[in-house]
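The values are calculated or read from the model by the stated rules, or taken from the named source; none is laboratory data. Fair warning: this is a prediction, and the values are worked out from it, not measured in the lab. Positions of Cβ are generated from backbone atoms using ideal geometry, with glycine treated the same way; all protein chains shown enter the neighbour counts.
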Amino acid sequence: MAKPSDYIINAAPSDPLEIPALKPGAMAGCKPFVAKPEVQAALGLPGTLVENWQAKAIEKMGDLLNSSRSLQVAMDSCMKCGACTDKCHFFLGTGDPKNMPVARQDLMRSVYRRYFTVTGKYFPWLVGARDLTEDVLDEWYTYFHQCSQCRRCSVYCPIGIDTSEVSMAARDIMASVGRGQKYSNEIIGKGLKTGNNLGLPLAAIRSTLDSLEEDLRADTGVDIAMPLDAKGSDIMLVVPSADLFAEPHIQGLIGYAKVFHQSGLSWTLSSYASEAANFALFTGSHDHMREMARRIREAALDLGVKRIVFGECGHAWRVAYNFLDTLAGPFDFLDQDHPIPQHICEFTHALIERGQLRFDKSQNDAYRLTYHDSCNVARGSRMGDKPGGQFEIPRALLRASCNHFFDMAPETIGEHTLCCGGGGGLLGDDLMELRAKGAQPRMRALKNVAVEHGVTHMAAICAICKSQFGSVLPAYGFKRDAILSVHQLVGNAIVLDGSIQARALQKAAR
Amino acid sequence: MVSTLYAALFYVAASVLMIGLAARLRRYASIPVPLLIPTTPAPTTRLGVAARLAREVVLFESLFKANTWTWVFGWMFHAALLVVAMRHVRYVTQPVWGWVVLVQPYGIAAGFALVAGLVGLWARRILVPRIRYISAPSDHLMLALLVGLGGSGLLMTYVAHTDIVALKGFTLGLLRLEIRPLPADPLLLLHLALVIVLMLIFPFSKLLHGPGLFFSPTRTQVDNPRQRRYRPQSAARPLPLGRTE
């Protein structure tokens, strides 16, 4: 398998948003593995391309146009103004013009015009309409899997067209005629079967938590519980399954546990709903998305909890914040005095505001930090009471727990943030070239603060961001472990009552 | 003869525009939005959403974030179009309303701004490789149509005046369902023919971007899922798509 560094040309300080020259076809050969028949079958999808796939695909497109206003408006309303053309990190990183958002939409719009509009039927050459041929299908498969559904383009579109809505629809159509994507569909299959995307069995989760409890006792001298399926707890915590085994994700889990411990509230993970990340968001299948969401509701009911809190995971939070209630609600059985659902950053932030957490910031002095706004948190959700809380609250946590924090250039953070390059179901090794190149704008922005402020590490609140950066950072001259969890930093600095750290601080003060 | 032809074409074009547009808007309104997908940060109240849409319509806020030159030319064109359209109200009202008289002097300047904006946009479409790449023949033709409209209008104002009194007789006649003589002036006939074409293609072209904004969920939805459970509109059957077989 190719390494990310095989694809990287330039790691010197430079403009993160530099517009490349057009390189038609540059990424035409980069496509993910197709889902095997048994993977498709597990999701109730045809195993291979069905015989009358073209008619079926057009029929499915008609269904989606009738059930998704955003898709219909996107197909009709683009005036080709070009506002989005330089906004996609995959275009900035590859120069392939089909990675310009409007050109990506046009892959579907051209087919829409041919089959669903008068002008496209009679004057296809005039409006760029084309038949849905096997070549077009291949092109769809290639380029709709070079969209990480980060919604950056939707910020700049004067009509608010969201390319992620189009790529979700295209993937949904392709999967429905037997051309599903291996990575996402395998993961959804595991999630539906075992409750988490990795297919971790209960025993594996429990043993991980046991060893974490032991480590924490040794580190802090405090008994910090890592409960699983503990009925009657105050809070059910739903985390991306990567938090249960991957670095630096698991450091975030330790941070959550410390915060919960100090809050005095009881909490638990659920083995039935042991996954926050809902990959059906990527494939556009509302049925699968609803099924994963339903597991969370069932688990909360079964465990009798009063609140649901989500761990650090970008797409999970978008689904949780915006979709969960619609898909699996109402959640009237939970305590209505708290946000439903709540983000772990909001939970921690509230404790800080109330003065319930004490920090020893010097514990993080080894880090000079910046913060990467994860795309689906930034542009697809909110934290706190006010718009933009999703930017302020994680930063407030970092400022509370670290002495050295520096933001990257304003045009690369907040609502303008750049995708890590691995979102939207593109995190497989089969797309390593795309991932490495797509990370370029973010890596350049990071490089610039590294040079300017001596930044050494970047924190994030998304499992995909953490994994993706762990893979591609070395290609840009950074250490693999330069990516951290926000709650890792919170956890490092937090001073638990009665802990070894608290006693040491007391001693030093005397 | 020409008068009758143009009068007939105007009635047809007006019908196509109104019926076509109404059908399109009814269809948009009838399609559900299954999930809450505002592009955030988004307003948390309906009033806030109204303000967001107003900023998009009046200031082109998102486009301003995206690209300065496209914003300059695009905004200039649309603002000028509004003023020019207001000025043209004088050709269909008698007596002419007071505010139309007030707009009159600005209307002339706006005519030049309109064409300048279009030329700027067209230049970008030709000269910027990214935008050239995404342009279909129809995108150039649309600009040609609008430049033709603005150019013929300016020529009639400054170079070859038409019999404006007779024209107004014709337009007022149209409103009363009477066919009165239209000056057979080539520039005027061209100008009116382009108006008719514009009306005819409006409901079937990218000119739908105007109404589209008001149906674009990323801009029109309120960011309040934790305050109010979002339930998509009851599964009313969407109006026919007009799929062509």
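A few remarks follow.
- For the range A:288-301, filtered to residues that are touching a residue at least 60 places away in the same chain (Cβ under 8 Å) and of a type in the set (D, E, K, R), the residue that is surrounded by the most Cβ atoms within 10 Å (Cβ to Cβ) is A:295.
- For beta carbons closer than 9 Å, sequence separation of 6+ or different chains, a first residue in the range A:367-385 that is closer than 13 Å to residue A:420 by Cα and more than 8 Å from every other protein chain (Cβ to nearest Cβ) and a second that is assigned to a loop (DSSP other than H, G, I, E, B) and of a type in the set (Lys, Arg), the qualifying pairs are A:375/A:151; A:376/A:151.
- Residue selected from the range A:98-133 under the condition β-branched (Val, Ile, Thr) and at the interface with chain B (Cβ under 9 Å from one of its Cβ atoms), by the criterion nearest to residue A:431 (Cα to Cα): A:102
- The number of residues in the range B:31-50 being more than 9 Å from every other protein chain (Cβ to nearest Cβ), farther than 15 Å from residue A:159 by Cα and assigned to a helix (DSSP H, G or I) comes to 2.
- Counted as qualifying within the range A:249-356 are the helices (runs of 4 or more DSSP H) with 1 or more residues that are away from every other protein chain (no Cβ under 14 Å) and touching a Ser or Thr at 6+ places or on another chain (Cβ under 8 Å), namely A:249-263, A:280-283, A:286-303, A:344-353.
- Residue match in the range A:423-436 (condition: within 14 Å of chain B (Cβ to nearest Cβ) and either in a helix (DSSP H, G or I) or at pLDDT 95 or above (or both)): no
- One residue from A:82, A:95, A:180, A:160 being more than 7 Å from chain B (Cβ to nearest Cβ) and buried (at least 22 other Cβ atoms within 10 Å of the Cβ): A:180
- Filter result for residue A:60 (over 30 Å from residue A:411 (Cα atoms), more than 14 Å from chain B (Cβ to nearest Cβ) and of a type in the set (Lys, Arg)): no
- Once the range A:393-412 is narrowed to residues that are over 27 Å from residue A:360 (Cβ atoms) and surrounded by fewer than 20 Cβ atoms within 10 Å (Cβ to Cβ), the residue that is farthest from the other protein chains (Cβ to nearest Cβ) is A:409.
- The set of residues in the range B:183-214 being assigned to a loop (DSSP other than H, G, I, E, B) and modelled with pLDDT under 95 consists of B:183, B:184, B:185, B:205.
- Subset tally (residues that are farther than 19 Å from residue A:199 by Cβ and either free of Cβ contacts under 8 Å to residues at least 60 places away in the same chain or among the β-branched types (Val, Ile, Thr) (or both)) for the range A:266-286: 4
- Against the test of being touching a Gly at 6+ places or on another chain (Cβ under 7 Å) and either at pLDDT below 95 or surrounded by fewer than 23 Cβ atoms within 10 Å (Cβ to Cβ) (or both), the options A:114, A:130 yield a single qualifying residue, A:114.
- Residue B:217 meets all of the listed conditions (1) more than 8 Å from chain A (Cβ to nearest Cβ); (2) at pLDDT 95 or above but one, namely (1).
- Residue within the range B:25-36 that is without any contact (Cβ under 8 Å) to a residue 60 or more places away in the chain, out of contact with any Lys or Arg (no Cβ under 7 Å at 6 or more places or on another chain) and buried (at least 19 other Cβ atoms within 10 Å of the Cβ) present: no
- Scanning the range A:462-510 for residues that are part of a loop (DSSP other than H, G, I, E, B), of a type in the set (Gly, Ala, Ser) and not assigned by TED's automatic domain parsing to the domain that holds residue A:240 gives A:498, A:499.
- Single match in A:202, A:228, A:244 (criterion: within 30 Å of residue A:378 (Cβ to Cβ) and either within 14 Å of chain B (Cβ to nearest Cβ) or in contact with a strand residue (DSSP E or B) (Cβ under 9 Å, 6 or more places away or on another chain) (or both)): A:244
- Taking the criterion of being assigned to a helix (DSSP H, G or I) and surrounded by 16 or more Cβ atoms within 10 Å (Cβ to Cβ), the residues of the range B:120-131 that qualify are B:120, B:121, B:122, B:124, B:125, B:130, B:131.
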